[in-house]
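Q: Got a structure here, written out as structure tokens. Questions coming.
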Amino acid sequence: MRIIDQLAVLQAIDSELDVARRRYAEIQTELREPESLKQARVARDKAAAYVSEWRKIRQTREAAVVEQRQRIREQEKILYGGRIKDPREQIALQNNVEALKRHLSKLEDEVLEAMLALEEGEDALKTAEAALTKEENAWMEKKSALERERQDLIGRARMLKGRRDAEAAKLSDNVLQQYETLRKRHSGLAVAKIRHAHCGGCGASLPTATVQRAHGDELIPCPVCGRWLHG
Ligand SMILES: [Zn+2]
């Protein structure tokens with residue numbers, strides 16, 4: 001086998017390894033929790049905080065209503081108990097009970113307001129929880145697919161690395177070093193296939209003599225990009 005043929009085999013393996021490495025890096029990025037999931041969690045927490053706040057408010061307001069009713073009962077007991085004989089005092093007490101009742105009505109409105117806010121909040125929480133579950137399920141599914149792909153890539157890269165080492169062992173250190181330099185210079189592609197008298201790396205049209213020499217045993221570089229031509 002000519003050196004250029006061996007180099008072409010090595011190049012094919014290295015190109016596959018490059019693809020695997022790039023995909024691996026992509027997967028690492030894709031494995032970060034998506035923004036939409038974080039947002040869904042924030043929205044759920046906010047909705048839950050709203051519900052718990054209004055639950056407390058409703059409780060406090062209901063307690064205020066109970067207290068107010070108790071106060072009215074006590075005042076009415078005095079008013080109708082027959083112990084107060086002074087009409088002015090009676091009127092004053094009557095007015096006081098009326099005022100307490102007006103305030104009770106206001107307190108009851110506030111309870112109703114809290115109940116409505118709570119109901120609204122509970123609906124919003126349900127919606128937010130459903131959205132979060134949907135996001136979580138989608139993410140779990142995507143994550144496990146990515147994990148599987150990552151494991152496959154690790155296995156594949158290990159296999160390719162083994163083949164690469166075996167191929168590299170067939171080449172001299174000097175040629176290997178030049179190959180690595182060319183790969184670094186030309187975004188991973190050191191060996192370019194000749195396609196219809198054109199360089200497969202840079203696309204330059206090649207002189208007939210160059211094409212002919214590339215079919216021989218020597219390593220012939222592309223006169224334009226410098227990659228080794230595989231004829
Ligand atoms: Zn070229």
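Nothing in this text is a laboratory measurement; each read-out follows from the coordinates by a stated rule. As the structure is a prediction and not an experimental result, all values here were calculated from the model. Glycine also receives a Cβ, built like all others from the backbone with ideal geometry; neighbour counts cover every protein chain displayed.
Q: Name the residues in the stretch 204-223 that are more than 20 Å from Val175 (Cα to Cα), among the aliphatic types (A, V, I, L, M) and within 14 Å of the ligand (Cβ to nearest atom), would you?
A: Ala204, Leu206, Val211
Q: Next question. Restricting to the stretch 183-194, what's the tally of residues that are without any contact (Cβ under 8 Å) to a residue 60 or more places away in the chain and more than 11 Å from the ligand (Cβ to nearest atom)?
A: The total comes to 3.
Q: Of the conditions (1) touching a residue at least 12 places away in the same chain (Cβ under 8 Å); (2) touching a helix residue (DSSP H, G or I) at 6+ places or on another chain (Cβ under 9 Å); (3) among the hydroxyl-bearing types (Ser, Thr, Tyr), Thr210 clears all except one; give me its number.
A: (2)
Q: Follow-up question, since we're still on this one. Look at Thr133 and say whether it is closer than 30 Å to Thr60 by Cβ, under 41 Å from the mean Cα position of the chain (by Cα) and assigned to a helix (DSSP H, G or I).
A: So Thr133 does not fit the description; no.
Q: In the stretch 186-195, what count of residues is obtained for those that are of a type in the set (D, E, K, R) and surrounded by 13 or more Cβ atoms within 10 Å (Cβ to Cβ)?
A: Total satisfying the criteria: 1.
Q: Provide a single number: the residues in the stretch 169-182 that are more than 16 Å from the ligand (Cβ to nearest atom) and either assigned to a loop (DSSP other than H, G, I, E, B) or touching a residue at least 24 places away in the same chain (Cβ under 8 Å) (or both).
A: Our first condition is that a residue be more than 16 Å from the ligand (Cβ to nearest atom); within the stretch 169-182, this holds for 169-177, 180.
Going one step further and asking which of them are either assigned to a loop (DSSP other than H, G, I, E, B) or touching a residue at least 24 places away in the same chain (Cβ under 8 Å) (or both), we end up with 169-172, 175.
Selection size over the stretch 169-182: 5.
Q: Determine, yes or no, whether Leu189 is out of contact with any Phe, Trp or Tyr (no Cβ under 9 Å at 6 or more places or on another chain), closer than 18 Å to Val9 by Cβ and of a type outside the set (Lys, Arg).
A: yes
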